[in-house]
Amino acid sequence: MRALLAVTVLGLAPVIAAQQVNVASPAAERLRVTTTSEEASRHFFAGVSDARNIFFSRAAMHFDRALDVDRNLGLARAFRAAVAPGPTQAERTAAIDSAIATMTSATTAERVVALALREFPNRERAHALWKTAVTLVPGDPTVAFYAALTTPAPGNVAALRTVTERFPDDAPAFNILAYQLWQQGDHDGGFKAVRRYVELAPDQPNAHDSYAELLQWSGRMTEAQAHYARAVQLDSSFSEAYMGIAEVSQLSGRGADARRQIQLAIAHSPSKASTVDYTRDLARSFLMDGMVKEGMDQFANALRDAQTLNRPALIAQIHRDMAFFDAQLGRGTAIASHLAAAGAGGADDPMQTELTAAAHAVGGDISVARQATQKLAALAQPDNQFATHASVINAIIALRENKPKDALAQLAGAPLDDAWVRALTAECYAAAGNLTDARTLKNQVLSNPQLNFDDGYDISARIRAAKIKV
């Protein structure tokens, strides 16, 4: 309903209705951009291709070149705002609004696509607009791709598979399909899709990065490293490939090599905000290797850079990182100050509640931890992430009180594929003398090949598991 309202506000609804009725030969219709410059059009579509191939910095460069040739190419401005690394969501929305305001001579399809880009954070509204765009340009693989990408689960996999069947040479669709199939447990299907992606787009760094990641997740580290390296070879500015090599190195026990790769990612970072994120990753690599001072120093560097960017949400995230790891690493001197700084905005943020409970539970302030956990439990719904995390924190409290049976009871029903649930269950087993099962769960946490330095929750579980004596 709100998507329809957005279209109506711009005066597009009557035109859309007319085009839905009067389109001629719809199977042949593809998205075109309103410009008299072939060069601008060429750069625009190259940018769209790079955006769909998850190479956002290079996509932004193509959109810039298109706009250098034709400053009135509003859809290029909208796409750039949507995908360029660095801006906040509010900045993206404002830039897309500005682009839409200039698109007075654009086609209806162009304006609907711009609106869909604007609504992308809200998948329901974005999907309604992409579906409208499909009726306007039914022969366009990009529009079909985004309509499928925003399809609500569980229909999203079938929708994307339909795109690959209708447009069998559209490489980016196979990329997303590969991950969707893998996450559903169809690993053979995931590999088949990602290999097709590499066949169709051998010169796209992300094709090799995606193939490498699935190889990594299946434990084939040597092959994964080779494809990550190929991605870097194709374009050294593709920073995510350095992060992939870092993950393989860390998993292989080569933390120093991992940190060298993260430094290369920082050197090739597409934005200052990305640099902050990579610096946090660097901190976590140090902490995984027990290098506490070096890790906390990198968090401090990330915090300083986030403050320079004036990103309140990012600043709060880093303060929470520092509060939790200060507790987990046994220092406990700055938990309260970091949590206070993270909550300075006064918002009743669920993440603030969760990290308050977790940091104090790990740090040993059981009273504060219990109060925050009760508040967190009130936010939880059955089977959601908050419910799992509330169980985890209650288990930590029970272990703090030397009550492993109570801790195990808290974890009953929690998903055992959750890293913290596994680590704490292993602790409970070790406390009860069941060293065999404790060792098995500990090793599952530590050897899980799906390492992601961005996932502080998983990293902290690995650090906890490493300390279990079995």
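Numbers at a glance
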| read-out | value |
| --- | --- |
| Shape of segment 336-393, Cα gyration tensor, a/c cut at 1.5 | oblate |
| Under 10 Å, Cβ to Cβ, from Ala78 - net charge with Lys/Arg +1 and Asp/Glu -1 | +3 |
| Distance between modelled label sites at Ala256 and Thr222, nm, 7 Å Cα→Cβ extension | 2.4 |
| Solvent exposure, largest accessible area first (probe 1.4 Å, DNA, RNA and ligands not counted), of Asp297, Asp203 | Asp203, Asp297 |
| Residue-averaged 222 nm ellipticity for the chain, from DSSP H runs of 4+ at -39500 (n - 2.57), nearest 500 | -23000 deg cm²/dmol |
| 15 Å cut-off, amide nitrogen to a point 7 angstrom out along Thr88 Cα→Cβ, residues in segment 295-327 | 306-318 |
| Rounded to the nearest 10 Å², the accessible area of Thr425 at probe 1.4 Å | 10 |
| Nitroxide proxy distance, nm - points 7 Å out along Cα→Cβ at Tyr457 and Ser105 | 5.0 |
| Principal-axis tilt of helix 89-101 within the chain, Cα atoms, nearest 10 degrees | 10 |
| FRET E, pair Ser237, Ala378, Förster distance 51 Å, beta-carbon r, rounded to 0.05 | 0.65 |
| Rotationally averaged projected area of segment 46-93 (alpha carbon convex hull; nm²) | 3.0 |
| Binned Cα-Cα distances of the chain, short to long, each 10 Å bin given as a whole percent | 4, 17, 26, 26, 17, 7, 2, 0 |
| Separation in nanometres of the label points that stand 7 Å from Cα toward Cβ, at Asn434 and Arg400 | 2.5 |
| Under 20 Å, Cα to Cα: Lys pairs in segment 350-470, sequence gap 8 or more or different chains | 8 |
| With at most 16 neighbouring Cβ atoms within 10 Å, loop trypsin sites (Lys or Arg not before Pro) (DSSP) excluded, longest segment of the chain | 72-219 |
| Segment 387-454 shape via C-alpha gyration tensor axes, a/c threshold 1.5 | oblate |
| Cross-link reach list, lysines versus Lys272, counting only Cα pairs under 27 Å and skipping chain neighbours closer than eight places | Lys293 |
| Global geometry of segment 171-246, whether rounded, prolate or oblate, following the gyration tensor of its Cα atoms and the 1.5 cut on a/c | oblate |
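The values are calculated or read from the model by the stated rules, or taken from the named source; none is laboratory data. Since we're looking at a predicted model, the values are computed, not measured. When we count neighbours, we look across all protein chains shown, and the Cβ atoms used for this are built from the backbone with ideal geometry, even at glycine. Quick note on the areas: whole protein, heavy atoms, side chains included, nothing else; ligands and nucleic acids left out. Shrake-Rupley method; radii C 1.70, N 1.55, O 1.52, S 1.80 Å.
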